[in-house]
Structure formats: C-alpha cells, structure tokens
Amino acid sequence: MEFLDERFELREIQKLEGHSDRVWSLAWNPATGVAGVPYLFASCSGDKTVRIWEESLTTGSWNCKAVLDETHTRTVRSCAWSPSGNLLATVSFDATTAIWENVGGDYECVSTLEGHENEVKSISWNASGSLIATCGRDKTVWIWEVQPGHEYECVAVLQGHTQDVKMVQWHPTMDVLFSCSYDNSIKIWADDGDNDNWTCVQTVDEPNNGHSSTVWALSFNSSGDKMVSSSDDLTLKIWGTDLARMQSSEGYTPWRHLCTISGYHDRTIFSVHWSREGIIASGAADDAIRFFVENSDKDGLVDGPMYKLLLKEEKAHEMDVNSVQWSPGEKRLLASASDDGTIKVWELAPVAPS
C-alpha cells in the first residue's frame, strides 16, 4: 500500500481512565478484532494492577471488563498475550511473572514464575506459544518452556548484557530471541539444537552502526525480514536480514543496519511498533507520537531503504508516552499509554479529498 500518496489524520477514539498511576505497557489480544469478536487489550501500571479493556460491538465505546489485582505487590511493567489469546502473562518489579487464564471472561492467576533477582521488565511469547522469555534489571534473560497443566520450566538463563535488560521479543516466525538493554546493545539468541543450549549469535552495538545510548524497544515488520529499534539516543534504527537464508540449513545470517531515522523526537523514544501494513509508530518522553513509512520515491543515489514522516501528534498525552501498539484485525487502531495514567485509542484514517 502506498501511504505517501494519501493524507492521514490521527483521530482520538476514546481516552480510557482507571489506573491510578503511570501506565507502562499495552498488549492487544491477537485473537480479537475479527468478525463477531470485539477488540480487547490489556494495560499494566505502577498501581500494581492489570486492566482488560474491550470495545463494544454495538456502540464502539471502550470499557474496562476486568481488573487483575492482589497478585503483584509492585509495579506491573509489561504484559503479553499468548498466540491463542487465552493466556495473559504479566511481569512485575516484585521479581515475579504471573500467568492468567481467561475462563469465561474471568481471569484467574494459574501460575507464578520466580527466579529473577529483582525487577522483571518485559515478557514475550514465541509464535507457537511453547516458549516464554523474560528479562530484568538483574541483566539476565530467562527462557521458559510451557508444560502441560500450567507448568513452566526454565530451560535457559542467558547472561551477556552488562546492564538492565529493557525488552525481550521473539522473532515472528522463528524461535530466535532478541533483547535490548541499558548497555546500548541488542543481542540475538538462538538454540544450537543441542539440548536447549541457547547462545548469543550476534551483538548489535555502536561499532556496528548500533545505538549510542539505552535501547528501549524493538519491533518487526510483518514478514520478519526487518526490525526497528528505539533508543535514548533519540533515533530509530532499521535492521534487515536475509530471511530465506535464516530459515535454511546454512546457519545464522546476521542482521545489518539499513538506515537511521533521526530528528523527529527530542526526548527518549520509549516505544516503537511496526504495523502489519508497514507503518512504524513511535512514542516518546516528549509526549508525542510519530508515524513513518518507507519512502519508495527516494533517488537512486541512496543505498538501502529510506523512511519518511507520515504524521505527527505533538501532544498525544500530557506526559511521557510509554507504549504504542497497533491493533490486530482489519481496523487501523493504535493504543497509547502514558505517565499521565491514561490510555488512548486512536484511529489512523485517510483524509477525504476536499
């Protein structure tokens, strides 16, 4: 789809209030937003709770359907749904991970994972739902194998980062894990096939066109051959790989730097998310949200892709934007979360010709 040929506007659908502290993270349920199934997402906060929000199929308004509390004793930093959408995992500064099951619309905590020394910062499910990764302030990345009966076995503790690990993210089609850190690097981990022997196969850092400050977040395009990362150095960086070679028996194929997007945020870029259509959204400590698309009209002198600003929302929130997440399904919806304690649901819509 050629977005540069159209003008877009960001319409605020609804501001959601209920959390009593900053909202750290959001996660859309991947099994919602299809015919007859209303959109649903989770939010987590410094108020120690998780809230489940659902869109009404009749009115289009958003309502809080459940509040998950009395499990975590400190800030809930991140949340992620299993691929089936039936399980929600949450991680907390209390050093634990909780697994919640949706039982007829009620959410029950069915498992608690312990092991990290202190604050757990991020969690991610692999594409099949058989593995979970967590990371934290203790500089480690843990990989858990999903067992029958809501049992979870730690199969690897990955040590390689020298500082707080901010995010873990599984590749969308392969069991390759990516982590980014306060140590300014992105590390890529893979199982060599020898009894869960997970090793770091690549470190992306400044000598290799990496970031010069904390890497806060990363996201993949729909095909999985490109990745975008966001940083305290005020840039977004695009990375690419030969996916066909990665999926072959030739061994690991390194990711390489394709381009850097800079000059659009003037404070830390906390969150970045790539939509299935190819639109990159970024949220930052400057209270703003930006949207970027690949510029196919570049001149022939430029080697590699270039990205162009599609739209900007200067005062998306009253305070820092901590998370931006595109919805699944057909609608072009974006949810954002902020230090101001609110969540906003937006629609990116083309402007009708005048």
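The values are calculated or read from the model by the stated rules, or taken from the named source; none is laboratory data. Just so you know, these numbers come straight off a predicted model, no measurement behind them. Using ideal geometry, Cβ is built from the backbone for each residue, glycine included, and neighbour counts are taken over all protein chains shown. Areas reflect the complete protein model, heavy atoms only, side chains present, ligands, DNA and RNA absent. Shrake-Rupley method; radii C 1.70, N 1.55, O 1.52, S 1.80 Å.
Annotations
- Under the condition of being in contact with a helix residue (DSSP H, G or I) (Cβ under 9 Å, 6 or more places away or on another chain) and outside any strand (DSSP E or B), the residues counted in the stretch 164-180 number 3.
- Residue list for the stretch 97-110, filter: open to solvent by 20 Å² or more (accessible area, probe 1.4 Å), touching a strand residue (DSSP E or B) at 6+ places or on another chain (Cβ under 8 Å) and assigned to a strand (DSSP E or B): 101, 102, 106, 107, 108, 109, 110
- Check on residue 258, farther than 16 Å from residue 217 by Cβ, under 21 Å from the mean Cα position of the chain (by Cα) and of a type in the set (A, V, I, L, M, F, W, C): yes
- If the condition is being open to solvent by 50 Å² or more (accessible area, probe 1.4 Å) and within 20 Å of residue 174 (Cβ to Cβ), then the stretch 249-287 contributes 249, 250, 252, 254, 256, 276.
So that you can scan it fast, the table gives a plain yes or no per residue for (1) out of contact with any Ser or Thr (no Cβ under 8 Å at 6 or more places or on another chain); (2) among the polar types (S, T, N, Q); (3) free of Cβ contacts under 8 Å to residues at least 24 places away in the same chain; (4) farther than 19 Å from residue 336 by Cβ:
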| residue | (1), (2), (3), (4) |
| --- | --- |
| 253 | no, yes, yes, yes |
| 267 | yes, no, no, no |
| 274 | no, no, no, no |
| 282 | no, yes, no, no |
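- In the stretch 40-93, residue farthest from residue 334 (Cα to Cα) [restricted to those that are among the small types (Gly, Ala, Ser), in contact with a Ser or Thr (Cβ under 9 Å, 6 or more places away or on another chain) and part of a strand (DSSP E or B)]: 92
- For residue 101, the requirement of being among the charged types (D, E, K, R) and in contact with a His (Cβ under 9 Å, 6 or more places away or on another chain) is met.
- Among the criteria (1) open to solvent by 20 Å² or more (accessible area, probe 1.4 Å); (2) out of contact with any Lys or Arg (no Cβ under 7 Å at 6 or more places or on another chain); (3) assigned to a strand (DSSP E or B); (4) under 27 Å from residue 145 (Cβ atoms), the one residue 24 does not fulfil is (2).
- Unique match (being farther than 29 Å from residue 145 by Cα, in contact with a Ser or Thr (Cβ under 6 Å, 6 or more places away or on another chain) and not aromatic (Phe, Trp, Tyr)) among 233, 242: 233
- Within the span defined as the stretch 207-224, one or more residues are over 26 Å from residue 119 (Cβ atoms), open to solvent by less than 50 Å² (accessible area, probe 1.4 Å), at pLDDT 95 or above and not polar (S, T, N, Q).
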